[in-house]
Structures are given as structure tokens and as C-alpha cells.
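See below for the structure under consideration.
The values are calculated or read from the model by the stated rules, or taken from the named source; none is laboratory data. Keep in mind that this is a model prediction, so the values were computed, not measured. In this analysis, Cβ positions are derived from the backbone assuming ideal geometry, glycine residues included, and neighbour counts consider all displayed protein chains.
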Amino acid sequence: MNRTLTEEELAGWFATGCKPADQWRIGTEHEKIGFCIDTLRPLPYEGERSIRHLLEKVSEHDWQPVLEEGKPIALTRDHASITLEPGGQLELSGAPLASIHETCAETTDHLTLLREITRTLGIGFLGLGFQPKWRREDVPWMPKARYAVMRNYMPKVGGMGLDMMLRTATVQANLDFSSEADMAKKMRIGICLQPLITALYAASPFVDGKPSGWLSARAACWLDTDPDRTGVPACVFEEGFGFGAWMEWLLDVPMYFVVREGKYVDCAGASFRDFLAGKLRQLPGQYPTMEDWELHASTVFPEVRLKRYLEMRGADAGPWPWICSLSALWKGLLYDGQALEKAWEMVADWTHAEVVALRHAVPRTALATRFRDTTVLSLCEEMLDIARNGLANIHFVNCQGETEERFLAPVIGAVESGQTQAERWLAAYHGPWRGKIDPIFTEAMHL
């Protein structure tokens, strides 16, 4: 490229995601932590019982392999993909779908196929937010070039970045917006409610084989991971927030890398603003392409991330029913006009400082966390009531006449009991498990 991109073009890339409401879809991404059934050890990349062998087996079912240096590192099919996180966590990035009924079918098909394949390989997958038994040093790295850059850079900008990469797992919901104003409102609501989601979905109380003091060790990792690109961007709370403000924030986030001729060029810590001026040390005289900008936009990890859609990123991975519940919850909150306004009224006067403080508190105390003159549990009750009404108004039914409200069952149960999945596992650890961690590999396994 012989000219630089303009700021209007950079901001305009986000605007290309705007869609009318009748074209809104929802995507669901969920990660799983693999292990060998007999030893409980993490899966290596190579070998008879390995991530590579699993990907090769899955590719026999109409999934197309994606290779890096001749090695399969992902699979694609019908606008969905199966990818690898740094420590071998297997992620399904689901297709954009019209209903949670379709999301449930997609998730069920995926986990059923994995169950059939892994049964013969002696492999299992955990639905929780943090590797419960093995140390960071015990987890093999996956052979992806981008992770090599991040592995070198992370210890320079935080104490838990490598743990985040190797030992955490999450569920994520992706949502559309109709305009810049619609994006801004949904982003603000999402950022404010994300600590409630973290609390409600807390499912990672164990680290190194014992209780950690956290209910979400996954969320705790993010509190000490590269503050330049994580957390709660203040710009979201500023008057007039929109695509341009997000672009400005993103320009100030240090780069990781660019791709040239299929190879990752390590630019960790460099300035994208310098790149726009043709002054990137690693590529002197070169200007970024829109693909470079899109890649850079994917290397920030705030609680809600804007691309050409919104990514809600605050939940621990959990047992099977919890996967679809997250997308159902966010759809109910943000895809019905009345619910959207109710959610806005709920959080409109929350400040940036309050949300930051709440984000730091909920990994330890979850639903019991105090906020102003109430508790996160009470706020979750309010949030859930808004979502239920939103899904009722949308009234998307399947062939059995069931609405999408049924997918909220796990979170309804948690709110009614006042107890997270993490607390239920802790009670078992101190009770019938008799202080042993190994039973979690049965209790949390995707069967």
C-alpha cells in the first residue's frame, strides 16, 4: 500500500457492521480445557492422544483444516470455526445465527461430535473457567506464531498474562448493532453489566489443585494482564462516544504483530500511529492495510470488544447448559427495544470508576459483592428480569412452541439459590471430595 489509511477509513471499518434489526444475528464462542482421561494431564499438540489428532479426526466430518507451517491449527465450516487457544483450549466460534434455538443445536452437534471422537482417544474436555490442577509449566504451548509473540511480550506488561493464555477458558456472545448510537448504548450497557456476568458465571475456584480464594480465577487473571488492552476503557463513558472514540483508544494500544507473506512480524509494543505515518521500525516506509487494522482490532481484550459487532467477554466457561444461556441473556437484554431501555435505565448513572471497582471485586465475592446500597445478587435479579421480558417480547419459538426463555434456566437457578457454580464445587471439595481436586475432572467434564 503506497498511502496511509485515514482516520475516517479506520473508524468507518467499524461502521460497516451496522445492520437493520431484522438482520441481527447472535454468535456464540465457547472454549473447553482438554485432558487425558487416565492421567488428567493437559493435552499435548502432537501424539496419539493430542490436539492435532483430534483436529484431524474432526476434519473427517466436513470441517476444512487451516494449516500453519504444515500443521493444522484450526478448522472451518459454514461460517463457523474450531480454533486453538495457546494452552490447547479448544474453541468453537459459532456461526452468526438468528435464534438461540439454532445456537443450542450448533453447540449440541459440536459437543456430541467431540464426545464420539474423544471416547476412542481417551480424551475429555472440561467446562470451567480455569485449569484446576496443573501449573502453568505443565501446560503445552500450541504451535501458532502469534502466540510466540504474545508469550514473549506478556510478562513485560503484567504478572498473569501467561496464565490467562494457557489456563483460562471462557464463553462469549457476539451481537449486532444498527447504528453508531445503537452500538454506543449497547457497549455502555455491556461494559456496566459485565461484572454482573462475571459474578453470575463464576466457575473457576481452583488453582494448582486447591481453592484459590477466588470464585473466578479466570477473571482474576485479567486483573493483572496488560492494562493497555484490557479492562474498562474510559472512553465508553464519555459523552459522544462512538466509532471515532473507539478508534482513538485502539490507536493508543501497543501493537503485537503484522502479517506479511503469511509470516508474523513481531511488532510488540510498537505504535500503530507510527505505522500510519510509515515509521514502523520493523517495516520502514510501509503503511498499514485495512487487514492490518482488522488484525490490530482483534488484539485488544476489554470486557466488551468492538469489531464489526460487539463481543461480550466476561463469563467463565461452564457446564453444557450454561453455554447457550449467555447468548440468551444478552439477546434478551439488547435485542428488544423495551428491554434495551430498561437496561439503560439500570446503568445510566454508573460511573467508570464504579464499574472498574466492581470488576476488581466480583472475581472474589461474586454474587455477594456490594455495590452502592445493594448487592450484585440483587442486581442480577433485576438484569435477569429484564432479559426474560425481552425474550418474551421477541417471542422466537421453535417447532415445539418453546421460546428462548428456556435457555435462561441455569442463571435463573443460580439467582434463585444465590449460589454460583464455583461455590457448589467448593462445597463438594470440602465435603464429599474430601479435599481432593481430581473429582472436578468428572463433575465438570462435557459428557
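If you check A74 against the conditions, is it surrounded by fewer than 16 Cβ atoms within 10 Å (Cβ to Cβ), without any contact (Cβ under 8 Å) to a residue 24 or more places away in the chain, among the hydrophobic types (A, V, I, L, M, F, W, C) and closer than 30 Å to E443 by Cβ? Steps first, please.
Details: surrounded by fewer than 16 Cβ atoms within 10 Å (Cβ to Cβ): no; without any contact (Cβ under 8 Å) to a residue 24 or more places away in the chain: yes; among the hydrophobic types (A, V, I, L, M, F, W, C): yes; closer than 30 Å to E443 by Cβ: yes.
So A74 does not fit the description; no.
Give me the residue from segment 390-447 that is of a type in the set (S, T, Y) and assigned to a loop (DSSP other than H, G, I, E, B) and, out of that set, surrounded by the fewest Cβ atoms within 10 Å (Cβ to Cβ).
T403
Consider I37 carefully, then state whether it is farther than 25 Å from R146 by Cα and in contact with a strand residue (DSSP E or B) (Cβ under 9 Å, 6 or more places away or on another chain).
yes
Here's a check for you: in segment 83-104, which residue that is without any contact (Cβ under 8 Å) to a residue 60 or more places away in the chain and farther than 14 Å from L43 by Cβ is nearest to the chain's Cα centre (by Cα)?
Restricting to residues being without any contact (Cβ under 8 Å) to a residue 60 or more places away in the chain and farther than 14 Å from L43 by Cβ, the top hit is T83.
Please go through segment 196-210 and pick out each residue that is in contact with a Gly (Cβ under 7 Å, 6 or more places away or on another chain) and either among the charged types (D, E, K, R) or farther than 18 Å from A409 by Cβ (or both).
Across segment 196-210, the qualifying residues are T198, S204.
State whether one or more residues within segment 25-45 are modelled with pLDDT under 95, out of contact with any Lys or Arg (no Cβ under 6 Å at 6 or more places or on another chain) and among the charged types (D, E, K, R).
No, there is no match, as no residue in segment 25-45 is modelled with pLDDT under 95, out of contact with any Lys or Arg (no Cβ under 6 Å at 6 or more places or on another chain) and among the charged types (D, E, K, R).
If the Cβ limit is 9 Å and pairs must be 6+ apart or interchain, which residue in segment 367-378 that is surrounded by 13 or more Cβ atoms within 10 Å (Cβ to Cβ) pairs with which residue that is assigned to a helix (DSSP H, G or I) and acidic (D, E)?
Between residues of segment 367-378 that are surrounded by 13 or more Cβ atoms within 10 Å (Cβ to Cβ) and residues that are assigned to a helix (DSSP H, G or I) and acidic (D, E), the close pairs are L367/E423; F371/E354.
Can you tell me which residue in segment 370-398 is farthest from the chain's Cα centre (by Cα), limited to those that are over 16 Å from S99 (Cβ atoms) and among the β-branched types (V, I, T)?
T374
Do you know which of the residues in segment 324-348 that are among the charged types (D, E, K, R) and free of Cβ contacts under 8 Å to residues at least 60 places away in the same chain is surrounded by the most Cβ atoms within 10 Å (Cβ to Cβ)?
The qualifying residue surrounded by the most Cβ atoms within 10 Å (Cβ to Cβ) is D336.
Restricting attention to helices (runs of 4 or more DSSP H) lying wholly within segment 73-192, give those where 2 or more residues are touching a Lys or Arg at 6+ places or on another chain (Cβ under 9 Å).
Filter on segment 73-192 gives 100-121, 161-167.
Going by the conditions given, is L276 in contact with a strand residue (DSSP E or B) (Cβ under 7 Å, 6 or more places away or on another chain), farther than 21 Å from E85 by Cβ, among the hydrophobic types (A, V, I, L, M, F, W, C) and crowded, with 17+ Cβ neighbours inside 10 Å?
No, not satisfied.
Evaluate segment 377-392: report whether one residue or more is touching a Phe, Trp or Tyr at 6+ places or on another chain (Cβ under 6 Å), of a type in the set (K, R) and under 19 Å from A315 (Cβ atoms).
no
Pairs needed: first member in segment 284-307, buried (at least 22 other Cβ atoms within 10 Å of the Cβ); second member anywhere, at pLDDT below 95 and not aromatic (F, W, Y); C-beta distance under 7 Å; at least 6 residues apart or different chains.
Pairs found: E303/G314.
Could you please tell me which pairs satisfy a Cβ distance under 6 Å, a separation of 6+ or placement on different chains, a first residue in segment 54-65 that is touching a residue at least 24 places away in the same chain (Cβ under 8 Å) and β-branched (V, I, T), and a second residue that is exposed (fewer than 12 other Cβ atoms within 10 Å of the Cβ) and assigned to a helix (DSSP H, G or I)?
Short answer, once both residue conditions are applied: none.
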